Amino acid sequence: MLSNLSKHAFPGSNTSEGFFSLFDYIIKSDKAQRIICLKGGPGTGKSSLMKKIGKIFEDKNFDVEYFHCSSDSESLDSIVIPKIKVCLVDGTAPHIIDPKFPGIIDEIINLGTYLDDEELLKHKEEILCTSKEISNTFKRCYKYLKSARCIHDDWSFLNNSFIDLLKFNNLQNDLEKTIISPVKTTCKLGYKRHLFATAFTPQGIITHINTLYKPYNNIYVLNGGPGTGKTSILKNISDKIYKKGYYVEIYHDPLTPSRIEHVLIPDLDLAILTSNEINRMSFVGQQIYMDNLLETSRLAANKEKIEEDKELFYKLIDKALSILNEEKLLHDELENYYVKNIDFTKVDKVVDNLIKRLLSYANCSNN
């Protein structure tokens, strides 16, 4: 299994279907030693706590997985320390999480306990009003993302109708021979872990794929626009490798979660990435240009339609991102009420005790 001290991803994303959660895949409950669910309002220190613990364990050369918030990519929703099988996760809306196995695996730490409720009540109307405005702002953002998806679907439809199926089938067969056929079937059950590497955030389109694929040596890059068959290839490979008993990481498209953006297979040292119209990334690896599968004459005849779709798509995405930025400003206002009314000295004591406990797990794992 490949190792990389710091990995970053998103466990949920703002999509054309609203907020789409893959939080269940952060860690498998039956494989965890401890899942610590952090409760409390905005600004109560959940993300800061996770960053602090992550840094301590990184400094001790532990692998750490950081899961970022799509509503603020600089904030954390969760961290996992795989070696000690510990997960800390923000269990507040929109990804409300409750313990599945309280006492034996799961526990709750409620930082909201240290809020000054009396002082907060003085700002009840402002807090409720801002919270409602945040909710409405998200709804506006999702409408624009949904509209962008409609245009994207048309762009995809045009490209897909120009695919030379013989060329596509030949490419898929070649990849099966190169990637799938040499892989031996194991006696283990395969496992698929679903996450996002890319998300629409107030800071723009953010992708963490560089922190995920860099350790890999066998890298394939599918270059091409929507509808050129990238998801079909990724799904075919991931399904067949999974059935052979391997752990497969599947990273989903942030606009349309049913589509796949990247597939990583650690035990095979294999990464299959896409350079697409959303992430617009360039990757080092064996390059596969999906546009070469398109019938050039028909593509040229419809160039104007495709350009119209492109222009409108990016315009709608930019508008959705600007609305997300408006939401972030509102969230900062809301957070300010809580920051001013929490006793951080008591929160710090909780954090210090938690760090000591987690370090004791680490000491046990090293013995």
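The values are calculated or read from the model by the stated rules, or taken from the named source; none is laboratory data. Note that the coordinates shown come from a computational prediction; the quantities given were computed from them, not determined experimentally. Please note: Cβ atoms are built from the backbone with ideal geometry, for glycine as well, and neighbour counts cover all protein chains shown. SASA here: full protein model, heavy atoms, side chains in, ligands and nucleic acids out. Shrake-Rupley method; radii C 1.70, N 1.55, O 1.52, S 1.80 Å.
When you look at Glu133, is it out of contact with any helix residue (DSSP H, G or I) (no Cβ under 7 Å at 6 or more places or on another chain) and either among the acidic types (Asp, Glu) or not in a helix (DSSP H, G or I) (or both), yes or no?
No; evaluated as a whole, the condition is false for this residue.
Under 9 Å between Cβ atoms, at least 6 apart or on separate chains: pull out the pairs that start in the range 178-196 with a residue that is over 19 Å from Leu212 (Cβ atoms) and end on any residue that is open to solvent by 40 Å² or more (accessible area, probe 1.4 Å) and of a type in the set (A, V, I, L, M, F, W, C).
Val183/Leu268
Can you tell me which residues in the range 229-256 are touching a residue at least 60 places away in the same chain (Cβ under 8 Å) and surrounded by fewer than 18 Cβ atoms within 10 Å (Cβ to Cβ)?
Ser232, Asn236, Lys240, Lys244, Gly245
Across the range 310-329, what is the total count of residues that are touching a helix residue (DSSP H, G or I) at 6+ places or on another chain (Cβ under 7 Å) and either open to solvent by 20 Å² or more (accessible area, probe 1.4 Å) or modelled with pLDDT under 95 (or both)?
Summing the residues that are touching a helix residue (DSSP H, G or I) at 6+ places or on another chain (Cβ under 7 Å) and either open to solvent by 20 Å² or more (accessible area, probe 1.4 Å) or modelled with pLDDT under 95 (or both) in the range 310-329 gives 5.
For the range 126-158, name all the residues that are under 26 Å from the mean Cα position of the chain (by Cα) and of a type in the set (A, V, I, L, M).
Scanning the range 126-158 gives Ile134, Leu145, Ala148, Ile151.
From the list Ile108, Ile36, Ile53, which residue is touching a residue at least 12 places away in the same chain (Cβ under 8 Å), under 28 Å from Glu327 (Cβ atoms) and over 21 Å from the mean Cα position of the chain (by Cα)?
Ile108
Given the residues Ser75, Ser47, which is the only one that is in a strand (DSSP E or B), of a type in the set (S, T, N, Q) and free of Cβ contacts under 8 Å to residues at least 60 places away in the same chain?
One residue alone meets the criteria, Ser75.
Please specify each residue of the range 195-228 satisfying the condition of being open to solvent by less than 20 Å² (accessible area, probe 1.4 Å), among the aliphatic types (A, V, I, L, M) and in a strand (DSSP E or B).
Passing the criteria: Leu195, Ala199, Val221, Leu222.
Quick grid of which residues meet (1) in a strand (DSSP E or B); (2) in contact with a His (Cβ under 7 Å, 6 or more places away or on another chain); (3) of a type outside the set (S, T, N, Q); (4) open to solvent by 10 Å² or more (accessible area, probe 1.4 Å):
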site: Leu166; (1), (2), (3), (4): no, no, yes, yes
site: Gln172; (1), (2), (3), (4): no, no, no, yes
site: Lys188; (1), (2), (3), (4): no, no, yes, yes
site: Arg193; (1), (2), (3), (4): yes, no, yes, yes
